[in-house]
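Every read-out reported here was derived from the displayed coordinates using simple, explicitly stated rules and does not represent laboratory data. Only a predicted model underlies this, so the values are computations on that prediction, with no experimental measurement involved. Here the Cβ positions follow ideal geometry from the backbone for every residue, glycine too, while neighbour counts run over all protein chains shown.
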Amino acid sequence: MQKYRVTIIMSTSRLSLFFFYAILIILVNPTINAQRDPRVLHECSTTGNVTSNSTLRENLNTLISTLSSNTQIDYGFYNFTAGEGTNKVYATGLCRADLSPTDCRSCVNMSAHELLQLCPTQKEGVMWYMNCTARYSNNSIFGVMETKPTRALTSGVVSNLTEFNAVLKPLFRDLRFRASAGGIFRKIAVGTAYYKSDNYTIYGLMQCSPDLLEMDCSNCLVEAQSSFQDCCSKYSGVRILAPSCNLRIEREQFYGSTLVESPPSLSPPPLPPPPTKGKGTNSSKTIIAIVVVVVILVVIIICICISLRVRKQRKKAKMDEISSTESLHFDFPTIRVATDNFSDANKLGQGGFGVVYKGRLSNGQEIAVKRLSPGSGQGDLEFKNEILLVAKLQHRNLVKLRGFCLEGCERLLIYEFVPNGSLDQVIFDPTKRAYLDWQTRYKIIEGIARGLLYLHEDSRLRIIHRDLKTSNILLDDEMNPKIADFGMARLVILDQTHINTNRIVGTYGYMAPEYAYHGHFSVKSDVFSFGVLVLEMICGQKNGYFRNEENGEDLLTYAWTNWRNMTASNIIDPTLGVGSTTEIIRCIHIGLLCVQENAADRLTMASVVLMLNSNSITLSVPSRPAFFIHSNVEPDSQSDQSLLLASTNDASITELHPR
């Protein structure tokens with residue numbers, strides 16, 4: 001028999017409580033303690049106590065004592081209640097699926113009775129035997145996922161930890177998927193993997209309480225796997241025990257050959273008995289009947305297989321479209337370690353879709369992790385969209401996607417870490433923007449233009465970003481711009497001029513009028529956003545918050561009025577100091593050509609890049625810019641916010657702090 005180490009994964013207070021109960025058991029019942037298997041673990045709750053003669057305790061005693069007569073554990077699981085109102089108690093039992101009903105009932109009864117002795121006054125308790133788990137509580141535990149408390153049993157040590165973890169990674173993923181996809185009778189999966197360094201087969205098992213939903217089972221097993229990585233990844237024999245699920249690996253097969261994933265009631269009906277000897281006519285009829293039955297069985301099996309295949313495809317729909325990027329997949333425990341469990345110290349910013357954290361992988365590489373919140377506006381569609389788009393894009397002015405993680409309810413995007421943050425954190429800061437001389441700003445404008453040109457014309461795909469703004473421009477250590485956040489981007493056919501949509505997304509102040517009003521977007525929509533961004537770079541003020549005190553004009557109105565009156569120098573940020581005034585005014589001219597109301601009159605990004613790189617190209621006279629947001633109140637006033645919140649589309653009205 002293997003010698004097991006017991007690891008307790010809980011807080012200091014629970015650790016003290018554990019030793020207190022251990023001493024109590026020795027003093028009260030030394031016989032039980034002497035006979036107990038060291039691999040038998042339990043936990044008594046600290047949420048409240050009851051007296052031994054209370055109604056709740058009597059109900060619990062009655063429930064446990066009549067367990068064997070009230071239950072029929074054909075599938076290794078039961079759940080029963082006793083009592084009413086505040087004195088109602090709940091109990092569950094879960095066995096490993098290869099146990100016979102008799103052995104399962106015996107294991108659950110023994111563990112439940114022993115648990116009552118070990119937790120004489122507690123309202124909740126859980127007991128883990130080698131082959132079964134028993135729980136009771138004064139609160140409903142049916143269909144409720146619980147991962148705490150967690151215990152671990154370990155034995156043996158592996159020689160090559162890197163290879164061992166690499167072998168376990170696909171095994172755990174397969175077991176978790178198959179176990180969580182089990183039906184209402186059993187949620188269990190077993191499998192093997194070969195560990196070459198020590199030349200043996202690893203036997204693995206994952207199991208959930210079958211009353212859990214598929215997503216809850218998967219999340220519980222993800223937590224169990226995380227506990228394995230935290231405490232026990234160097235051991236060859238490990239059991240991770242939680243109230244709602246468990247995980248186990250061993251060097252030898254520990255489960256029986258009768259372990260199956262489907263309940264007997266779901267098996268196909270047996271074949272009819274072989275025909276008896278008789279007359280030729282009767283024999284022919286018998287043969288025909290057998291053939292008909294066999295054909296019907298084959299058809300039923302085919303239908304079941306097709307149904308299961310369709311179900312599997314639906315369950316994996318989130319991953320089917322990104323199967324080509326499987327090499328970019330990261331495990332959730334790896335990212336959790338890299339970000340120090342998503343600590344606030346590593347938080348880079350927060351936006352409408354979630355929080356961005358800084359992380360460091362085991363090889364020393366720094367990353368930025370975008371953790372999408374479950375209630376964010378970016379759902380599975382945007383998540384898959386960002387992976388499929390960014391993974392195919394390669395340009396120095398686009399942020400690089402390092403990978404992604406999709407496990408349970410967690411959806412993570414892993415990007416390269418860009419040290420200087422986002423452009424809005426610099427250009428709109430009165431102190432920081434003073435360090436951005438005109439040469440640096442011009443380099444940033446050129447880089448953004450080249451990145452957009454690549455998206456619109458030079459990449460294998462034609463992509464419209466739809467949310468270009470200063471907060472989605474990141475700056476590397478040399479102040480080179482990188483376009484980020486492709487969750488709202490759209491693919492278009494190369495010769496397609498425009499697209500209509502009923503779901504308007506983006507940020508007010510940067511959206512072209514035809515898009516904001518009618519849902520029409522094209523590459524000229526991105527050109528409009530670029531023109532706004534250029535004018536913001538020159539004046540150092542944000543378009544949405546800009547107000548001219550004399551006339552109440554917004555930035556676009558103010559820029560066009562001054563350019564028309566030949567007083568364009570009024571637009572230039574005073575902190576720029578000495579610079580090429582001619583070049584700055586030319587950029588104002590280019591910006592105004594990008595924000596014209598008629599989309600057909602706006603420049604293309606190809607012409608913008610040419611104009612930025614050559615002063616010999618003559619610029620046409622811009623027409624009046626598009627004005628579609630007017631307000632004479634301060635941007636943080638209640639009325640202005642109410643106006644924006646009343647919008648019926650999905651346009652963003654918050655500023656994100658990017659990576």
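Taking amide H positions as placed in the peptide plane 1.01 Å from N, state which residues far from residue 348 in sequence (5 or more) or on other chains have amide H under 5 Å from it.
Amide H to amide H, under 5 Å and 5 or more residues apart or across chains, residue 348 pairs with 356, 357, 358.
Per 10 Å bin, what is the whole-percent P(r) computed from every C-alpha pair distance within segment 157-263?
Going from the shortest bin to the longest, the percentages are 16, 50, 29, 6.
Please give the charge dipole size of segment 165-210, origin at the Cα centre, charges +1 on K and R Cβ atoms and -1 on D and E Cβ atoms. Round to the nearest 20 debye.
160
Mind listing the phi-derived Karplus ³J(HN,Hα) values for segment 454-470, rounded to whole Hz, using 6.51, -1.76 and 1.60 with θ = phi - 60°, and x for any glycine or proline?
So the Karplus estimates, Gly and Pro as x, are 4, 5, 7, 9, 9, 7, 5, 10, 9, 10, 9, 5, 6, 9, 6, 6, 5 Hz.
Just need the relative contact order of segment 157-263 here, percent rounded to a whole number, with Cα pairs under 8 Å and 6+ apart.
The normalised contact order for segment 157-263 reaches 28 percent.
What are the ³J(HN,Hα) values, in whole Hz, obtained from phi via the Karplus relation 6.51 cos²θ - 1.76 cosθ + 1.60 with θ = phi - 60°, for each residue of segment 410-421 in sequence order, with x given for Gly and Pro?
Result, ordered by residue: 8, 10, 10, 10, 10, 10, 5, 7, 10, x, 8, x Hz.
Could you run the Karplus curve 6.51 cos²θ - 1.76 cosθ + 1.60 with θ = phi - 60° over segment 106-118 and give me ³J(HN,Hα) per residue in whole Hz, x for Gly and Pro?
After applying 6.51 cos²θ - 1.76 cosθ + 1.60, I find 5, 5, 5, 4, 4, 5, 5, 5, 5, 5, 5, 6, 6 Hz.
Pairs to check: 347/469; 347/443; 432/542. Give those whose C-alpha atoms are more than 19 Å from each other in this structure.
From the list (347/469; 347/443; 432/542), the Cα-Cα distance tops 19 Å for 347/469; 347/443.
Given H placed 1.01 Å from N in the peptide plane, which residues other than close sequence neighbours of residue 553 have an amide H under 5 Å from its amide H?
Correct list: 548.
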